[in-house]
1. When Lys and Arg each count +1 and Asp and Glu each count -1, what net charge do the other residues less than 12 Å away from C416, Cβ to Cβ, add up to?
2. Per residue, how large is the accessible surface of the stretch 31-174? Use a 1.4 angstrom probe and give square angstrom.
3. Using Cα pairs closer than 8 Å and at least 6 residues apart in sequence, work out the relative contact order for the stretch 31-174, in percent.
4. What list of ³J(HN,Hα) couplings, whole Hz, do you get for the stretch 395-408 from phi and the Karplus terms 6.51, -1.76, 1.60, once you set θ to phi - 60° and write x for glycine and proline?
5. Rounded to the nearest Å, what's the spacing between the alpha carbon centres of the stretch 355-392 and the stretch 130-153? Just the number, please.
6. Can you compute the FRET efficiency between S118 and S176 using 1/(1 + (r/R0)^6), with r the Cβ-Cβ distance and R0 = 30 Å? Round to the nearest 0.05.
7. Give the separation of the Cα centroids, the stretch 204-222 to the stretch 45-63, in Å.
8. From the backbone phi of the stretch 360-370, what are the Karplus-calculated ³J(HN,Hα) couplings (6.51 cos²θ - 1.76 cosθ + 1.60, θ = phi - 60°) in whole Hz, Gly and Pro given as x?
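The values are calculated or read from the model by the stated rules, or taken from the named source; none is laboratory data. Given the structure is predicted, the values throughout are model-derived calculations rather than measurements. For neighbour counting, all protein chains shown are included, and Cβ atoms are generated from backbone atoms with ideal geometry for every residue, glycine included. Protein only, heavy atoms only, side chains kept; ligands, DNA and RNA dropped before computing areas. Shrake-Rupley method; radii C 1.70, N 1.55, O 1.52, S 1.80 Å.
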Amino acid sequence: MTFCSVFLLLFLILLFSSFEQSVSVSSGSQRVILRSIIKENNQDGDFAIDLNTTNFDTVLKETPAPYVIVEFFAHWCPACRNYKPQYEKVARLFNGADASHPGIILMTRVDCASTINSNLCDKFSVDHYPMLFWGPPKKFVGGGWGPNQEKSEILPIENGRTADVLLGWINKQLGSSYGLDDGKYENEHLQTNTSDPGQIAKAIYDVEEATSTAFSIILDHKMIKPETRASLIKFLQLLVAHHPSRRCRKGSADVLVNFDDLCPSSTMLVNNEEAESCSKKGAIGNYQICGKEVPRGYWMYCRGSKNDTRGFSCGLWVLLHSLSVRVEDGESNMAFRSACDFIHNFFVCEECRQHFYEMCLSVSTPFKKARDFALWLWRAHNQVNKRLIKEEASLGTGDPEFPKAIWPPKQLCSSCYLSPSKTSEENNKIDWDEDEVFKFLVSYYGKELVTLYKDNEQQGGGKTEKIVAEELVASTNAVVVPVGAALAIAVASCAFGALAYIWRSRQKNRKPRRSWN
């Protein structure tokens, strides 16, 4: 057996073990239910999310919304039935993809008349219906409320019996001016302070949104063809190993393991017309790459002041940066090629696609270090920003609240800039300390990016350290797939594509799994 084969076998064993472990995690704990639970044809017309004792902590622990309102009611209560339309008028503004102000408040309800919720309602001292509470979601997790409790961040809403009064109470709390007639997705309450490093924590939800959106675009445009098939598989491999979101790693693995069955190469026509099974109308369209709760239909960190700015392109950049700081040295060139080929084959903005791929083609020497790939992507992003700064200034198409800029600004990383004497202002050229830039990228797109996940998991107790170790990728060394084996394979010059083929072939012969969710 060759040296390469030994490491390949070792990697496969560790990889299978890793996936078996991750499958055992309860699917309920992976669900984030901040999404549209209603479509236009929904007969009930409910926007508020129904919670019960089985999902209460999970939903509130994982929601990206900074505030939650919980209504405790009883389904037999006439006053509750009469209040429901009023509550729904307000919930329509904040819940779901069609919300006017998504991602700010999660509006929920708990039916105390259901026996399963008796203990939950007792914990919050519910003594009349309806009874409303307001506060940060994590304060509700595993907790409760009492009438004599002091200094609690959970506040009872004493007077919210009409939609106008409830919304007025919310506006007073937030210093906002929301109205019941607000249209869809009015961008208010934006945080535009780019010097605040904590903002990137919200981008974990945008990375999930961008991943799901990209997958949907590929299927909608029937872009899986004989010549693009391999590049998609390689990018999925990259996501399985290094995506910062656990739910996206699992979803990507689900698609990858079943890819040959979902999109069989034998059915793809010679004239490059793809089979229906490789489009959204086929079997592959039933898979949600980041779970059933994504896409949510809006953005958090990448939300622009105008609906046609930032969004998907911002989320995709954050995804690429987050991948670049998570790969091992031996994987760096594979990750570079996978990212370049993915953009070249699947990014539908033609000018952007060509410009990015030209930058890829300018790289003549394979990357040997993860640092080199991360810094190349950083330079490429700044090169794109330089081009767009000029174009948006001349055409007036930029976002006034988020103008394109060279990244990172001094407010975020002053150490990234060399002394002023070494910076040529006349040529608009910045001399960077690339060692400091790399440290910043690893921290910002690594540890800071998943801060919300860390905070959420700490609310779970008990298994905190184990879960955080699995979830957080605070440096380039912490990944789900055993990177030591991956590095050994890279050193031995084993082909990553061949590895995937063997892995997927083995997985196909195992007992099929319907879903990770």
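1. -3
2. Heavy-atom SASA per residue in the stretch 31-174 reads 45 Å².
3. Once normalised by length, the contact order is 29 percent.
4. Calculated HN-Hα couplings, in order: 9, x, 9, x, 8, x, 8, 9, x, 4, 8, 6, 10, x Hz.
5. 48 Å
6. Working from the Cβ atoms, E equals 0.25.
7. Between the Cα centre of the stretch 204-222 and that of the stretch 45-63, the gap is 25 Å.
8. So the Karplus estimates, Gly and Pro as x, are 5, 5, 6, 7, 9, 10, x, 6, 10, 10, 4 Hz.
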